[in-house]
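Submitted below is the structure of interest, expressed as structure tokens.
The values are calculated or read from the model by the stated rules, or taken from the named source; none is laboratory data. Source: prediction; values computed, not measured. Cβ: placed from backbone, ideal geometry, glycine included. Neighbour counts: every protein chain shown.
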Amino acid sequence: METLLRAEHITKEYTHHKALDDVSMHVPRQSIFGLLGPNGAGKTTLIRIVNQIIAPDRGQIIFHGEPLGPEHVQQIGYLPEERGLYKKMKVGEQAIYLARLKGISASDARSQLREWFDKFDLMPWWNKKVEELSKGMQQKVQFIITVLHKPSLLIFDEPFSGFDPINVNLLKEEILHLRDEGATIIFSTHNMGSVEEICDHIVLIDNAKKLLEGNVGQIRKDHARQIYQVELDHLKKPLEEILDGRFELIRAWDHDGSLKARIRIKKGIQVNELIGQLIPSAGLLSFHELTPGMNDIFIKQVTGSYPQEKSGNKPAQAFQAAG
Amino acid sequence: MSKTATIIKREFLSRIRKRSFVVMTILGPILLAAIIIVPVVISQLSDSDYQVAIVDDSDLFYDRFADAENIRFTQLATNIDNAIELMAAGRFDAVLHIPEIAFQAPSSLRLFSEKSVSLNAKLLIENILKLEFESMKLGAAGIDQEILAAIETPVNIQAIRIRQDGEFISDHPEVSMALGFMSGLLIYLFIFLFGSQVLRGVLEEKTNRIVEIIISSVRPFQLMAGKILGVGLVGLTQFLIWVVLTFAIVAGFQLGMPELFRFTPDEQVFITGSQALNAEELLRQRETVQQYDTLAGQVVSGLSAVNFPVMILSFIFFFLGGYLLYAALFAAIGSAVDNEADTQQFMLPVTVPLLFAFIMAQMVMSNPSGPVALWLSMIPLTSPVIMMVRIPFGVPYTELALSAGLLIGGFVFTTWLASRIYRVGILMYGKRVSYSILWKWIRQS
């Protein structure tokens, strides 16, 4: 897949700590790229480097095949996590001003803003001061300002914080739509739910280092742990006796007259062997693989273990059924 | 249009549209014009003269009291009780009683009044009687009036300054002083006023978190420079409007009420004098006014001695230079802190040199070419104020050029320093910043 942006061995040190330690990543063109990591991992530093707000100590960013430079500012749109507007300035005037700083002419900015303002029902607020707007409306204005100059790369840092669920959906749709129109989106968050929903690729950073990078589906497959959930009825003998040494019963419980169970298959054993073992002794109602969610992978990568292994008693919530 | 120009435009327009700017711009000239016009109007319009009745039991001094500005003397050939009754009836404001023994015992003199007595009248009367008593005593000592007149020798040194171009001009330190002080004060005020506007502007952008959006589009230096220049333009605009409007208002009054401004030179003395001089000095001045040229004449000749092109150009240069130097420091402070309360610890080292310059202005005025004046007009932190104080007294062009060069170097340096602090500070939240941290930011590549 074609790469829009490539970070190569980025290192950034502050006086007392390393913010980024030899981080590299590839952001494929026209994808939604999740930049994940716990608070303080170095996400914002990396984003600021891509935005040329700060410079890395070592390493470089390749954008559109060339080293990132001031001429690329217009091709990048950035919605910071901590974002605000001039409170006393009128909404429309301010949007035009910020668009002009991105290099759009005043008349272009005005006509494009009209479209976006109509779409987001903001037109009646054009001549109001920003301080008169609700927080949600201010967030919409900021989103519009970020995407207005049609940048090829959009960077959203925790874009959904401060939005109500309706507007989160509106925003998600817009982000997917922008991707479909050709934009590449870097999406920084620690909200894993939204990652699974919209991200195509991710990179996981913790403690200044990259832990993981790749396609979301692939990563989840890689993290599959050979755990299957089965639903059985009419058992001829107890499940423990059906399973032999190739399989490990993690947990079994009754469910509306049938028996549900989670079974791990040991290394080198095929799934079919489990099915073959079950069918003669019981009725098989359902069978699916349990793949860990991004949340679990995130926690596993950062803390070294899956959440249920640590807390020990809540396996059902730690896993998520995958199609 | 470049991005910096876009920023300058916003900073400029958003400020001059503010109500506070409009109010200041209108009130400023009205206040300045009032300072010029009100004393004139008051001195002309004080129609009710202060009426003093004189009861002179000694019969010696009746004809010695000449009416003065706003003070009228009336001689009464009656006793003091009747005079006080007349005053009670409203005929007089005050009654002066000169008992027979007044010459021997001046403390027996009385000035009666229903309201608090006019200080000017009291001083005038005291002065007249003092002169009278003195000349009576001199006469009693056998000194002839003619000899006395011959002895009296008014001395009036004509101060001549030889300008750099070799021209002789008469020197009027008072006029230079007033001009120097005024322009020094204006520079001091404008630097403070607009420097702190820069600080608040930077702080506003930082605290409302718009700054990260902006510096993803422009370099931090462009944002800082745009703000400093935009606010500076506001200051310059306000200054020019003030000058033009003040002149317009004063000229309007002169056209509208020409009778107020038509002076004979003799009257001029009293009009100007009424602002500052008390009656005693007034009287002394009136005695010598024929020998001296009039004060108005002095002002005119004093003003003509000032090199106005140099003065005006210098004012604009030192205003801008001083503003740029300090505004950069104010911007750095605004970027380094999180809220207005935290600015205090950094404000002190910035405001102290400016305040110091203003305080030293008095000393510089008394010796405008001394070593203190010279040094303070060279150090960029104090030179904008001090040089403007010195210029009306005449400053060699070499000194002027050196001071200007140092000021340019000074603001280039502070701008560089500020930009190093600014680009780090503007993104730093929740960190208690100390001087050692600032120093780290400056050294950081």
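Picking from A:I10, A:I54, A:I49, which residue would you name as being touching a residue at least 12 places away in the same chain (Cβ under 8 Å), surrounded by 23 or more Cβ atoms within 10 Å (Cβ to Cβ) and more than 19 Å from A:I185 (Cα to Cα)?
Within the list A:I10, A:I54, A:I49, the selection yields A:I10.
Among A:E81, A:E13, which is the only one that is farther than 27 Å from B:K3 by Cβ and in contact with an Asp or Glu (Cβ under 8 Å, 6 or more places away or on another chain)?
Only one candidate passes the filter, namely A:E13.
Going through B:L32, B:L86, B:L60 one at a time, which residue ends up being touching a Phe, Trp or Tyr at 6+ places or on another chain (Cβ under 8 Å) and assigned to a loop (DSSP other than H, G, I, E, B)?
After applying the criteria, what remains is B:L60.
On to the next question. Regarding the range A:192-214, can at least one residue be identified that is of a type outside the set (D, E), farther than 20 Å from A:G37 by Cα and modelled with pLDDT of 85 or more?
Looking for residues that are of a type outside the set (D, E), farther than 20 Å from A:G37 by Cα and modelled with pLDDT of 85 or more, one finds none in the range A:192-214, hence no.
Only one of these is over 22 Å from the mean Cα position of the chain (by Cα), in a helix (DSSP H, G or I) and modelled with pLDDT of 90 or more: B:V389, B:V350. Name it.
One residue alone meets the criteria, B:V350.
Do we have any residue at all in the range B:228-238 that's within 38 Å of the chain's Cα centre (by Cα), in contact (Cβ under 8 Å) with a residue 12 or more places away in the chain and within 14 Å of chain A (Cβ to nearest Cβ)?
yes
So which residues in the range A:36-56 are within 19 Å of A:V302 (Cβ to Cβ) and assigned to a loop (DSSP other than H, G, I, E, B), if there are any at all?
A:G37, A:P38, A:N39, A:G40, A:A41, A:G42
Listed residues A:L79, A:L98, A:L20, A:L4; which is closer than 24 Å to B:E204 by Cβ, in contact with a Pro (Cβ under 8 Å, 6 or more places away or on another chain) and buried (at least 20 other Cβ atoms within 10 Å of the Cβ)?
Of the residues listed, the single one that is closer than 24 Å to B:E204 by Cβ, in contact with a Pro (Cβ under 8 Å, 6 or more places away or on another chain) and buried (at least 20 other Cβ atoms within 10 Å of the Cβ) is A:L79.
Within the range B:104-114, which residues are touching a strand residue (DSSP E or B) at 6+ places or on another chain (Cβ under 9 Å) and in a loop (DSSP other than H, G, I, E, B)?
Within the range B:104-114, B:L109, B:E114 qualify.
Residues being acidic (D, E) and surrounded by 14 or more Cβ atoms within 10 Å (Cβ to Cβ): count how many of those fall in the range B:73-97.
Counting residues in the range B:73-97 that are acidic (D, E) and surrounded by 14 or more Cβ atoms within 10 Å (Cβ to Cβ) gives 1.
To continue, here is another question. Would you point out the residue of the range B:406-442, among those that are of a type in the set (A, V, I, L, M) and within 16 Å of B:G226 (Cα to Cα), that is nearest to the other protein chains (Cβ to nearest Cβ)?
Residue satisfying both the conditions and the ranking: B:I426.
How about the range A:49-81: which of its residues are of a type in the set (F, W, Y) and facing chain B (nearest Cβ under 8 Å)?
Answer for the range A:49-81, where residues must be of a type in the set (F, W, Y) and facing chain B (nearest Cβ under 8 Å): just A:Y78.
Can you pull out every residue in the range B:110-133 that is touching a Leu at 6+ places or on another chain (Cβ under 7 Å) and farther than 16 Å from B:D63 by Cα?
Passing the criteria: B:L111, B:V117, B:K122.
Given the criteria in the same structural domain as B:Y323 (by TED's automatic domain parsing), within 17 Å of B:F21 (Cα to Cα) and in a helix (DSSP H, G or I), does B:G232 qualify?
yes
Same structure, new question: Can you pull out the residues in the range B:185-218 that are closer than 18 Å to A:I155 by Cβ, at the interface with chain A (Cβ under 8 Å from one of its Cβ atoms) and either β-branched (V, I, T) or free of Cβ contacts under 8 Å to residues at least 24 places away in the same chain (or both)?
B:R209, B:I210, B:I213, B:I214, B:I215, B:S216, B:V218
Only one residue in B:F319, B:F330 is assigned to a helix (DSSP H, G or I), modelled with pLDDT under 95 and among the aromatic types (F, W, Y), so which one is that?
B:F319
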